[in-house]
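Okay, so here's the structure we're looking at.
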Amino acid sequence: MSEAEVLVERVGGVGRLTLNRPRAINALNHSMVRAMASALLEWADDASVKAVLLTGAGERGLCAGGDIVSIYHDAREGGSGSKDFWRDEYVLNAAIARYPKPYVAIMDGIVMGGGVGVSAHGNVRVVTERSMIGMPEVGIGFVPDVGGTHLLSRAPGELGTHIALTTARLSAGDAVHCGFADHFVPSDRLREFEQALADGSVDDAAARFAQPAPESELAAQQSWIDTAYAADTVEEIVENLRSSGVPEAAAAAEQILAKSPTAAKVTLRALRQARDLDSLEAVLDQEYRVSLACLQSHDLVEGIRAQVVEKDRNPAWSPSALEAVTDEHVDRFFEPLGETELGLAAALVSGEELR
């Protein structure tokens, strides 16, 4: 019998979830999302479980994101499986954010995309010197999801816009500065930290093992980032970056231009609108509309093909230039879904159980 893809166990008073696909850097699939949701639902009303701990098996990272190869094949066949996966995944993200007990996520190593969704919405988020956190979606013709636009739009200044459009990776210091993490614990102390969680309180464990986070390189660059990314269009942002005289800014411009023009423009719109939405649930509703529209787009399939499936690293984006992506084209990604809306914001208002 094959081992479970999510290990569900109790250690002391802690309910422990271990993402267990180490060969795939614990990439999330639908069954893993369901397993996590089921365990969290059970533990929420279990007085013997005082906290939840999320970790990843293996040495490479917590989670490399969603299983995008499966999404690639599903999108080519109509996308029904991905719609169901995203619906359940986004409901899980919302449930994590409002979980009634401490939800401790160990964001060690690689944490990308869907991995951010199951960790950075928790209320106790731990990074290490090995942490490498990112939202790489624009590079595959997709748009940050799993509540990523909520987190990015609330990062200091325009750092979130820079991270999203360039797919920049966050170090431990960057993650704490940008609001993706709370505590820094050296990787060689994680076992002791986890044991302290089982033996005592979350606050005591954090007080014993957390250390000052390393300096954030992104914070040191915020001046030129805020100036360049304050523009209203991706074209203006690129021009600002190119004309700034800052080598890092010029490099950022070229990184943006290598990404899907459609995804870049939709991402900027999504981030700006997410700033004005008053809850994670409302942002997830918006992301669900965008994600379903991406399933019907050329660039998502092409981006995954080029970057992950065939790995020629030469995606043929369509349209191929920013100026060819019109406002009307971007509008289509945000169109209401009618009866198939995700509906998390409405459920929050009405007090319905999010399942």
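Any read-out appearing in this document is the output of simple, stated calculations on the displayed coordinates, not a laboratory observation. Predicted, not measured: the structure shown is a model, and the values here were computed from it. Methodologically, a virtual Cβ is constructed for each residue, glycine included, from the backbone with ideal geometry; neighbour enumeration extends over all protein chains shown.
Numbers for the structure displayed
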| read-out | value |
| --- | --- |
| Over the range 124-261, volume per residue of the alpha carbon convex hull, in Å³ | 113 |
| Estimated Rh, the range 137-178: Kirkwood, alpha-carbon pairs, angstrom | 10.5 |
| The range 6-350: relative contact order in percent, alpha carbon pairs under 8 Å with at least 6 residues between | 16 |
| At R0 = 41 Å, FRET efficiency that the Cβ-Cβ distance of ARG98 and GLU323 yields, to 0.05 | 0.45 |
| Alpha-carbon centroid distance for the pair the range 142-216 / the range 237-278, whole angstrom | 23 |
| Of the GluC sites (Glu not before Pro) in the range 290-355, those whose Cβ has at most 11 other Cβ within 10 Å and which sit in DSSP loop | GLU310, GLU352, GLU353 |
| Kirkwood Rh (inverse of mean 1/r, distinct Cα pairs), the chain, angstrom | 20.6 |
| Sorted by Cβ density within 10 Å, fewest first, the residues LYS83, LYS259 | LYS83, LYS259 |
| Long pairs among LYS50/LYS83; LYS83/LYS265; LYS101/LYS259, criterion Cα-Cα beyond 30 Å | LYS50/LYS83; LYS101/LYS259 |
| Förster radius 51 Å - calculated FRET efficiency between GLN195 and ALA316, Cβ distance, rounded to 0.05 | 0.50 |
| Stretchable slack from GLN221 to GLN273, in nm (0.36 nm times residue separation minus alpha-carbon distance) | 16.3 nm |
| Cα lying deepest toward the dipole's positive end in the range 6-350, options ALA228, ALA253, GLN307, charges on Cβ | GLN307 |
| Fewest-first ranking of MET112, MET32, using other Cβ atoms within 10 Å as the exposure measure | MET112, MET32 |
| Beta bridges per DSSP with both ends in the range 6-350, % antiparallel, nearest 5 | 30 |
| Anisotropy class of the range 304-355 from Cα gyration tensor, a/c 1.5 cut | oblate |
| At 0.692 mPa s and 37 °C, Stokes diffusion of the range 216-259 via Kirkwood alpha-carbon radius, µm² per second | 318 |
| Residue-averaged [θ]222 nm for the chain, counting only DSSP H segments that reach four residues, each worth -39500 (n - 2.57) | -13500 deg cm²/dmol |
| For a label point 7 Å along the Cα-to-beta-carbon line of THR233, residues of the range 250-279 with backbone N under 20 Å | 253-273 |
| Unit charges on C-beta of K, R, D, E only; dipole of the range 6-350, Debye | 800 |
| Debye-sum result for the range 1-128 in log10 I(q)/I(0), which assumes one identical scatterer on each alpha carbon, at q = 0.18, 0.20 Å⁻¹ | -0.93, -1.14 |
| Efficiency of FRET between GLU9 and SER350 - r from beta-carbon atoms, R0 22 angstrom, step 0.05 | 0.05 |
